[in-house]
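K.L.:
Pasting in a structure now, in structure tokens, and then I'll have a few things to ask.
The values are calculated or read from the model by the stated rules, or taken from the named source; none is laboratory data. These numbers come from a predicted model, not from an experiment. Don't worry about glycine lacking a Cβ; one is built from the backbone with ideal geometry, like all the others, and counts go over all protein chains shown. Surface areas here come from the heavy atoms of the whole protein model, side chains and all, with no ligands, DNA or RNA. Shrake-Rupley method; radii C 1.70, N 1.55, O 1.52, S 1.80 Å.
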Amino acid sequence: MAAPARRAPKKPGAARAWATRAPLMPALIFLILVTQLPFVATLVISLFDWNSLKPDERKFTGLSNYTSVASDEALRESIVTTVLLTATVVIVSVVLGLLLALLMDRKFRGRGLVRTMLIAPFLLVPVASALLWKHALYNPEYGLFNGVLSWLGELFGVDSPPQPDWISDMPMFAVEASLVWQWTPFMMLILLAGLQSRPLDMIEAARLDGAGNWQIFRFLTLPHLRRYLELGTLLGSIYIVQNFDAVFTITRGGLDTANLPYTIYETFYNAHEYGKASAAGVLVVIGTIVIATFALRVVSSLFREEVSRA
């Protein structure tokens with residue numbers, strides 16, 4: 001008599017699957033309410049000609065707000081300013097972050113304290129950081145920069161040392177310097193993590209073969225840091241493109257420093273053009289999503305590389 005065939009194991013039912021997912025549902029619902037519903041509302045508003053000063057004249061206009069955004073000279077100028085501001089801050093922050101990461105990768109007395117002090121600017125609230133630079137450093141009457149110039153003038157016997165008004169004389173540089181100071185620690189942390197994940201056996205083998213520090217950096221360290229440099233550049237670009245605090249606090253968007261987020265703010269709150277401001281905001285979100293997609297790909301490739309080494 002043939003043995004009875006084994007029964008296939010039962011698949012978990014729908015009830016069990018929902019019971020497994022149930023604890024995640026409140027978080028998912030909260031995430032949808034906080035992020036997706038406001039974006040959908042912004043998308044709907046962007047399709048209307050809506051000025052809050054003329055609520056009775058609100059009407060559906062389709063994609064005309066997007067056309068208006070594309071043809072608005074102020075918005076085009078703010079896009080150029082945003083690109084220049086983002087590119088300058090990201091490039092300088094990455095270079096300085098790499099130099100600091102190379103320094104922090106070395107062993108020396110007090111390294112923990114120095115590392116904590118270098119990270120501190122990134123932990124400040126953005127508005128507080130901008131206020132610090134505007135009043136404590138840039139102020140022409142009591143700011144630290146002009147105080148240092150006065151001290152140097154006295155030291156070298158200069159009767160009237162220069163006392164520039166930093167924000168008025170070099171407004172874009174004033175905004176960029178504050179952002180570089182705040183974002184360099186972020187780049188340093190990412191690149192320091194990359195440095196500490198280097199295969200040390202390869203470096204020791206290269207030293208035994210007679211390679212110098214520059215050769216090790218150029219042919220081993222820099223190729224290993226490529227993914228980390230890409231990740232820092234992409235993440236920094238995502239956040240700096242959306243930066244509003246530094247421009248609003250330091251220059252109020254004047255002197256050709258108005259970037260896209262500040263221009264959207266002016267359009268929404270001062271011009272009361274809700275539809276046009278919403279259309280510009282949607283375009284910013286789409287651009288940020290594109291950059292974030294590349295960032296996620298870089299992160300996933302880093303994880304794959306770490307898993308393959310393990």
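K.L.:
Taking the condition part of a helix (DSSP H, G or I), in contact with a helix residue (DSSP H, G or I) (Cβ under 7 Å, 6 or more places away or on another chain), open to solvent by less than 50 Å² (accessible area, probe 1.4 Å) and not polar (S, T, N, Q), does Val127 pass? Explain how you work it out, then say what you get.
P.N.:
On the way: part of a helix (DSSP H, G or I): yes; in contact with a helix residue (DSSP H, G or I) (Cβ under 7 Å, 6 or more places away or on another chain): yes; open to solvent by less than 50 Å² (accessible area, probe 1.4 Å): no; not polar (S, T, N, Q): yes.
No, not satisfied.
K.L.:
Now for a different question. Tell me which residues, restricted to region 131-171, are part of a helix (DSSP H, G or I) and either polar (S, T, N, Q) or in contact with a Ser or Thr (Cβ under 9 Å, 6 or more places away or on another chain) (or both).
P.N.:
Leu131, Leu132, Trp133, Lys134, Leu137, Asn146, Ser150, Gly153, Ile167, Ser168, Pro171
K.L.:
Then there's this: Being modelled with pLDDT of 85 or more and either under 30 Å from Asp256 (Cα atoms) or surrounded by 12 or more Cβ atoms within 10 Å (Cβ to Cβ) (or both) narrows it down to one residue among Ser52, Ser68, Ser93; which is it? Step through it out loud before you land on a result.
P.N.:
Numbers: Ser52 fails: modelled with pLDDT of 85 or more; Ser68 fails: modelled with pLDDT of 85 or more.
From the options Ser52, Ser68, Ser93, the qualifying one is Ser93.
K.L.:
Considering only region 149-184, state which residues are open to solvent by 70 Å² or more (accessible area, probe 1.4 Å) and of a type in the set (Gly, Ala, Ser).
P.N.:
The answer is Ser160, and nothing else.
K.L.:
Please enumerate the residues belonging to region 185-209 that are within 10 Å of Ala101 (Cβ to Cβ), of a type in the set (Gly, Ala, Ser) and open to solvent by less than 50 Å² (accessible area, probe 1.4 Å).
P.N.:
Within region 185-209, Gly194 is the sole residue that qualifies.
K.L.:
Suppose we filter region 278-298 for residues that are more than 30 Å from Leu53 (Cα to Cα) and either touching a Pro at 6+ places or on another chain (Cβ under 9 Å) or open to solvent by less than 20 Å² (accessible area, probe 1.4 Å) (or both); how many remain?
P.N.:
2
K.L.:
Identify all residues within region 170-191 that are among the β-branched types (Val, Ile, Thr) and more than 17 Å from Leu123 (Cα to Cα); write none if there are none.
P.N.:
Val175
K.L.:
If we scan region 98-121, do we find a residue that is β-branched (Val, Ile, Thr), open to solvent by less than 40 Å² (accessible area, probe 1.4 Å) and in contact with a Gly (Cβ under 6 Å, 6 or more places away or on another chain)?
P.N.:
Checked against the condition, which is being β-branched (Val, Ile, Thr), open to solvent by less than 40 Å² (accessible area, probe 1.4 Å) and in contact with a Gly (Cβ under 6 Å, 6 or more places away or on another chain), region 98-121 yields no hits at all.
K.L.:
Keeping to region 236-278, report how many residues are among the aliphatic types (A, V, I, L, M), closer than 30 Å to Leu98 by Cα and outside any helix (DSSP H, G or I). Don't jump to the end; show me each part of the working.
P.N.:
First, the residues of region 236-278 that are among the aliphatic types (A, V, I, L, M): 238, 240-241, 246-247, 250, 255, 258, 260, 264, 271, 277.
From the residues that got through so far, the ones that are closer than 30 Å to Leu98 by Cα too are 238, 240-241, 246-247, 250, 258, 260.
Among the residues that remain, those that are also outside any helix (DSSP H, G or I) are: 258.
Going through region 236-278 one residue at a time, the tally reaches 1.
K.L.:
Next question, about the same structure. Only one of these is open to solvent by less than 90 Å² (accessible area, probe 1.4 Å) and either at pLDDT 85 or above or not in a loop (DSSP other than H, G, I, E, B) (or both): Leu43, Leu31, Leu24. Name it.
P.N.:
The match here is Leu43.
K.L.:
Pairs, please: C-beta under 8 Å, at least 6 apart or cross-chain, first residue more than 13 Å from Gly281 (Cβ to Cβ) and in region 36-53, second of a type in the set (D, E, K, R) and part of a strand (DSSP E or B)?
P.N.:
Sorted first by the residue in region 36-53, then by its partner, the pairs are Phe48/Lys59; Asp49/Lys59; Trp50/Glu273; Asn51/Glu273.
K.L.:
Let me ask another. Can you work out which of the residues in region 249-260 that are in contact (Cβ under 8 Å) with a residue 24 or more places away in the chain and of a type outside the set (Ser, Thr, Tyr) is nearest to Leu179 (Cα to Cα)?
P.N.:
Ile250
K.L.:
For residues in region 213-233 being open to solvent by 60 Å² or more (accessible area, probe 1.4 Å) and of a type in the set (A, V, I, L, M, F, W, C), which is farthest from Val180 (Cα to Cα)?
P.N.:
By that ranking, first place goes to Phe219.
K.L.:
Turning to a different aspect of this structure: Run down Gly236, Gly275 and say which single residue is among the small types (Gly, Ala, Ser), buried (at least 17 other Cβ atoms within 10 Å of the Cβ) and within 15 Å of the chain's Cα centre (by Cα).
P.N.:
Working: Gly275 fails: within 15 Å of the chain's Cα centre (by Cα).
After applying the criteria, what remains is Gly236.
K.L.:
As an exercise: evaluate Val83 against (1) farther than 27 Å from Glu230 by Cβ; (2) out of contact with any helix residue (DSSP H, G or I) (no Cβ under 6 Å at 6 or more places or on another chain); (3) modelled with pLDDT of 80 or more and give the number of the one condition it does not meet.
P.N.:
(1)
K.L.:
In this structure, does Arg198 turn out to be assigned to a helix (DSSP H, G or I) and over 18 Å from the mean Cα position of the chain (by Cα)?
P.N.:
no
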